[in-house]
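Below: one structure, written as structure tokens.
The values are calculated or read from the model by the stated rules, or taken from the named source; none is laboratory data. From a predicted model like this one, the values you see are computed outputs, not experimental measurements. FYI the Cβ positions are ideal-geometry reconstructions off the backbone, even for glycines, and counts take in every protein chain you see. The protein model used for the area step is the full one, side chains on, heavy atoms only, and it has no ligands, DNA or RNA in it. Shrake-Rupley method; radii C 1.70, N 1.55, O 1.52, S 1.80 Å.
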Amino acid sequence: MNKERNLIIAGNWKMNKTVATALALVNDLTLALAHVTDVDLVVCPPFTALSEVAKALGGSNIRLGAQDMSEHNTGAYTGEIAAEMLKELSVRFVILGHSERRQYHQEPDALVSRKTRVAHAASLQPIICVGETLSQREAGHMEQVLETQVRGSLTGLHKSQMVETIIAYEPVWAIGTGQTASTEQAQEAHAFIRGLLVKLFDEATARRVRIQYGGSVRPSNARELLSQPDVDGALVGGASLDAQSFTEIVKNAI
Ligand code: PEP
């Protein structure tokens with residue numbers, strides 16, 4: 001697909017896969033996707049599988065991502081994982097502010113922005129998730145919600161860090177529901193986010209930032225979504241748990 005920015009397709013495995021089943025999946029993916037050169041590929045297994053998946057990925061064209069990270073670098077934070085611990089396992093990307101973290105762990109934008117700065121300090125590329133709920137959309141508040149989340153999550157970033165940051169537009173009503181945003185809805189939200197980046201940074205910076213769409217991406221809808229001018233990839237949940245469906249999504253990006 002001829003796009004202004006390199007597409008990036010990431011699989012968010014959430015709290016799925018043991019080490020054994022993660023390895024089975026990643027072995028299938030490295031074989032099936034070995035020929036892909038012009039789409040950036042990322043898998044984000046649970047923390048417990050990162051080490052073994054890193055070894056299985058080896059020198060392949062698939063990069064490793066984590067699903068979250070602490071805002072602290074070390075110390076008495078039971079259950080937390082620091083950036084340096086991820087780096088040690090060859091992790092290159094980290095999802096921050098996923099709606100499930102925002103909803104179930106009450107993670108506010110200010111925390112997401114602190115984590116984002118810590119990720120950059122460790123040379124991890126953050127994938128920052130934003131998106132409105134159904135009631136917010138129905139009340140006509142989508143733009144207001146996105147503006148608050150984007151501004152709040154990017155506080156204090158320099159332009160050089162912004163271009164190394166990925167934003168994932170994930171309407172909450174589309175996540176895991178099978179209800180995908182239409183191509184028009186996705187393009188409209190992505191263009192709005194890019195417009196915000198122009199205001200917060202500048203035109204040149206905004207044009208370099210990749211904005212992924214997430215929310216019930218499937219092989220059947222991937223090509224249409226990815227062909228939108230401001231859609232620069234996909235963050236895939238459910239369909240990334242199966243090698244065939246993730247592979248099909250990637251093929252639809254080529
Ligand atoms: C997600 O949670 O990031 C996601 C996009 O999930 P799904 O593809 O299952 O809707």
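Peptides 243-250, 64-71 ranked from most to least packed give 64-71, 243-250, packing being the mean of other C-beta atoms within 10 angstrom over each peptide's residues. Among the chymotrypsin sites (Phe, Trp or Tyr not before Pro) in the range 1-89, those located in a DSSP loop and surrounded by at most 15 other Cβ atoms within 10 Å of their own Cβ are Tyr77.
Ranked by the mean number of other Cβ atoms within 10 Å per residue, highest first, peptides 94-102, 188-196, 139-147 order as 94-102, 188-196, 139-147. Projected over every direction and averaged, the convex hull enclosing the alpha-carbon atoms of the range 48-95 yields 3.4 nm². A 1.4 Å probe run over the chain, with the rest of the protein chains in place, finds 43 Å² accessible per residue. Expressed as a whole percent, the proportion of Cα-Cα pairs in the range 178-254 lying more than 18 Å apart is 40%.
Length, then width, then depth: along the principal axes, the Cα atoms of the chain run 45, 45, 34 Å. Whenever you get a sec, compute what percent of the accessible area on the range 7-62 sits on carbon and sulfur atoms (1.4 Å probe). Ligands and nucleic acids excluded, carbon and sulfur give 61 percent. How much of the accessible area of the range 128-233, probe 1.4 Å, is carbon plus sulfur, in whole percent? Summing carbon and sulfur atoms, their accessible area is 49 percent of the total for the range 128-233.
Taking Gly233, Gly215, Gly156 as the candidate residues, the one with maximal mean-square fluctuation in a Gaussian network model of the chain, Cα springs under 10 Å, is Gly156. Applying 1/(1 + (r/R0)^6) with R0 = 22 Å to the Cβ-Cβ distance of Gln144 and Arg207 gives a FRET efficiency near 0.35. So if we plug the beta-carbon distance of Arg92 and Val198 into 1/(1 + (r/R0)^6) with R0 = 30 Å, what FRET efficiency do we get, rounded to 0.05? According to the calculation, E is roughly 0.65.
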